Amino acid sequence: MNSFKPKVLRHKSLPSTNNEAARWATLGAEEGLAVVADEQTAGRGRLQRTWISPLGAGLYCSVLLRPKFSAERWPLITFVAALSVSDALWEACGLTTDIKWPNDLLAGEKKICGILAEVIESDEGRVVILGMGVNVTRAAFPEELRGVATSVEEATGRVFETSTILHSLLQALGRWYPLLGELDGDEKIVAEWTSRSSYADGKLVNVVNGDDTLRGITRGLEPDGALRLETEKGIATVRAGDVSKVRAV
Ligand code: BTN
């Protein structure tokens, strides 16, 4: 049974939709609450980075989840988010994207969407705040990021309403998220993620985690989404870090 019922709360401006969704979670809000803002003044990214979020330039959305499935599957929530954004960009904009481990969406090898999942405690139990930021227009990020970032506008030559992408995104989450509660759901998610990612297998990458850098060839995912990397010392299992493709010199 599909029990994921999205309810959207729209704001003109917020510091961070993740913070606002977390505030609702502590007030007891139900799973499926989606907080959306036209701009964020203190948008946050992974690894303590800032997510620049100018007015009307991106989709800034955080969904409140109260997972009932085993904690072993929680790391797959961001994979579900990546698949959902990937579906939404295809369905709403006709755009095919690549996925870079664990959950950056790329178009033409540049980042078009980032995902930040945060776990918080509430009186009703643990909550996952699933934040997704999609660059919709070319104004979504500053000039100095043009070498590594792109937008739906640049990738398709068209500007789309954020509400159209949001609608498809929430529909897609409603298809993918319930799989995490099903018997073989984890396998289906990992298999689909693998089929959509050029990074899943056979790519020479660097993985930076704090002061450590690991170089190797990607060799697929573990059942919980960890990345297998063939290094000169053997197979390493990567659970955190920033992956970048090693470019030919
Ligand atoms: C990343 O670093 O790639 C993750 C970026 C996540 C940005 C989104 S925008 C909506 C939500 N609110 C935030 O403050 N961050 C996430």
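The values are calculated or read from the model by the stated rules, or taken from the named source; none is laboratory data. Just so we're clear, the structure is a prediction, and the values are computed from it rather than from any experiment. Counting neighbours? That spans all protein chains shown, and the Cβs are built from the backbone with ideal geometry, glycine included. Surface accessibility is based on the protein's heavy atoms, side chains included, excluding ligands, DNA and RNA. Shrake-Rupley method; radii C 1.70, N 1.55, O 1.52, S 1.80 Å.
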Can you give me the number of residues within segment 107-126 that are closer than 23 Å to Arg49 by Cα, among the charged types (D, E, K, R) and in a strand (DSSP E or B)?
4
Among Ile115, Ile120, Ile129, Ile165, which is within 16 Å of the ligand (Cβ to nearest atom), closer than 21 Å to Leu14 by Cα and surrounded by fewer than 17 Cβ atoms within 10 Å (Cβ to Cβ)?
Ile120
Subset of segment 192-232 [part of a loop (DSSP other than H, G, I, E, B), open to solvent by less than 30 Å² (accessible area, probe 1.4 Å), within 23 Å of Thr96 (Cβ to Cβ) and in contact with a strand residue (DSSP E or B) (Cβ under 9 Å, 6 or more places away or on another chain)]:
Ser197, Tyr199, Ala200
Would you kindly identify the strands (runs of 3 or more DSSP E) lying entirely within segment 5-95 that contain at least 1 residues that are open to solvent by 10 Å² or more (accessible area, probe 1.4 Å) and either farther than 14 Å from Ala172 by Cβ or modelled with pLDDT under 95 (or both)?
7-14, 33-40
With respect to Arg49, is the statement that it is out of contact with any Ser or Thr (no Cβ under 9 Å at 6 or more places or on another chain), free of Cβ contacts under 8 Å to residues at least 24 places away in the same chain and under 23 Å from Ala139 (Cα atoms) true?
yes
Does segment 234-244 hold any residues that are in contact with a strand residue (DSSP E or B) (Cβ under 9 Å, 6 or more places away or on another chain), part of a strand (DSSP E or B) and open to solvent by less than 60 Å² (accessible area, probe 1.4 Å), and which are they?
Ala236, Val238, Asp242, Val243, Ser244
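Return yes or no: is Val80 in contact (Cβ under 8 Å) with a residue 40 or more places away in the chain, touching a Cys at 6+ places or on another chain (Cβ under 7 Å) and either closer than 30 Å to Ile217 by Cβ or more than 14 Å from the ligand (Cβ to nearest atom) (or both)?
Details: in contact (Cβ under 8 Å) with a residue 40 or more places away in the chain: yes; touching a Cys at 6+ places or on another chain (Cβ under 7 Å): no; either closer than 30 Å to Ile217 by Cβ or more than 14 Å from the ligand (Cβ to nearest atom) (or both): yes.
In short, no.
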Hits in segment 40-60 (condition: closer than 22 Å to Arg126 by Cα, more than 11 Å from the chain's Cα centre (by Cα) and within 9 Å of the ligand (Cβ to nearest atom)):
Arg44, Leu47
